[in-house]
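Data block below; observations after.
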Amino acid sequence: MTSDLHLAFGSLSDRAEAFPAKGPLDRISVRDHVVEVEIGAFQAERGATQRVRFNVVVEVEPVTVAVDDDVDRILSYDRITDAIAESLAEERLNLLETLAERVAERVLTAPRAMRVFVRIEKLDRGPGALGVEIVRDRRWHPGGPRDDSRPHPRLVFLSNDALVSDHLAGWIDRLQAQGRPVIFCVGAGTNPVPHTGHRMTQRRVDLLAIEQNAWCLAARDDRCVVVATRTELDWAMRHGQISVWAPSKIVLDAVESPSVRADDTVALAAWFAGLVQAEDLLVVGAALPDRSDARVSLRAMPVQEDAIP
């Protein structure tokens, strides 16, 4: 590790030269690539976009045959800009560090990419640029395609009557026996939900009311575990855990927010079903939404039915 302080604020190319890899490597770069995006952990950064600047240098194995001016023989600049666009589109992020990791991971899936330097800076959060810089190589990301495959769960929306039904344990038994991942969704409980008179704060209050009811469901059956993030959901689905969706984080962090209100809870569950690519959405004890953008099968079932189809 060099002690030259100027390298901390120098160009990525200077830093790449200061940390040489084994053997000669070529470099390609995308510099001063500016995108307007919603990102950040502070409340003031939600609901508004800000300029974010990307500088990326990729070290690649030299081409061992004649290039012959053939674009297919080199690592395209599009590979870098696509990695940025795909990482931004995946979900709303709070941290530049997370974004940098995802950009690096995607770039290093290119067959000849050996090492990547990623610098990301916020341009509108103060008088200067606030940013992070990372260096990653195949020791961190050994290459190969990203594994974006996820299980396709069954979603079951439970009305308040269904949540307290004597059939609940039997429904869970039947769902477990089917051997597919299961996610329960609920609405707000029976207690009145406070009204704030303000759209953004009301959205949060409505989401929190749903989460309170999710914990009530978890208290009724120990097999039901409240989950709030995509990472938790993916783990739960792969390990046979029955999840109860706590919606606040996923809804608020969505790149494309649901068009339905948070208090339209069945329609919100239908939106979530599309987001997680569910096999279907079974609504127990409530009416199907009048309109749904989710491309999943929607079915309704009365609370009196003792067997989940």
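Side notes on the structure shown:
- Top-ranked residue of the range 284-295 - restricted to ones that are under 17 Å from Leu158 (Cβ atoms) and buried (at least 18 other Cβ atoms within 10 Å of the Cβ), ranked as modelled with the lowest pLDDT: Pro289
- For Val303, the requirement of being touching a residue at least 12 places away in the same chain (Cβ under 8 Å), touching a Ser or Thr at 6+ places or on another chain (Cβ under 6 Å) and among the β-branched types (Val, Ile, Thr) is met.
- Test: residue in the range 147-165 that is at positive phi and in contact with a Pro (Cβ under 8 Å, 6 or more places away or on another chain): no
- Output for the range 150-177, where each listed residue is without any contact (Cβ under 8 Å) to a residue 60 or more places away in the chain and surrounded by fewer than 16 Cβ atoms within 10 Å (Cβ to Cβ): Val164, Asp166, Ala169, Asp173, Ala177
- Qualifying residue in the range 265-283 (condition: at pLDDT below 90, within 19 Å of Asp206 (Cβ to Cβ) and not hydrophobic (A, V, I, L, M, F, W, C)): no
- Being out of contact with any Cys (no Cβ under 7 Å at 6 or more places or on another chain), polar (S, T, N, Q) and closer than 22 Å to Gln178 by Cβ is a condition met by no residue of the range 257-267.
- Identity of the residue in the range 41-64, out of contact with any helix residue (DSSP H, G or I) (no Cβ under 7 Å at 6 or more places or on another chain) and modelled with pLDDT of 90 or more, that ends up nearest to Arg115 (Cα to Cα): Arg53
- Strands (runs of 3 or more DSSP E) completely within the range 166-284 that count 3 or more residues being among the hydrophobic types (A, V, I, L, M, F, W, C) and either on the phi > 0 side of the Ramachandran plot or over 23 Å from the mean Cα position of the chain (by Cα) (or both): 280-284
- Residue that is modelled with pLDDT under 95 and closer than 17 Å to Val225 by Cα, where the choices are Arg180, Arg199: Arg180
- Long-range neighbours under 8 Å by Cβ, at least six apart or interchain, first residue assigned by TED's automatic domain parsing to the domain that holds Ala83 within the range 120-134, second assigned to a strand (DSSP E or B) and surrounded by fewer than 12 Cβ atoms within 10 Å (Cβ to Cβ): Leu123/Val34
The values are calculated or read from the model by the stated rules, or taken from the named source; none is laboratory data. Please read all numbers here as calculations on a predicted model, not as lab measurements. Note that we place each Cβ from the backbone using ideal geometry, even for glycine, and neighbour counts take in every protein chain shown.
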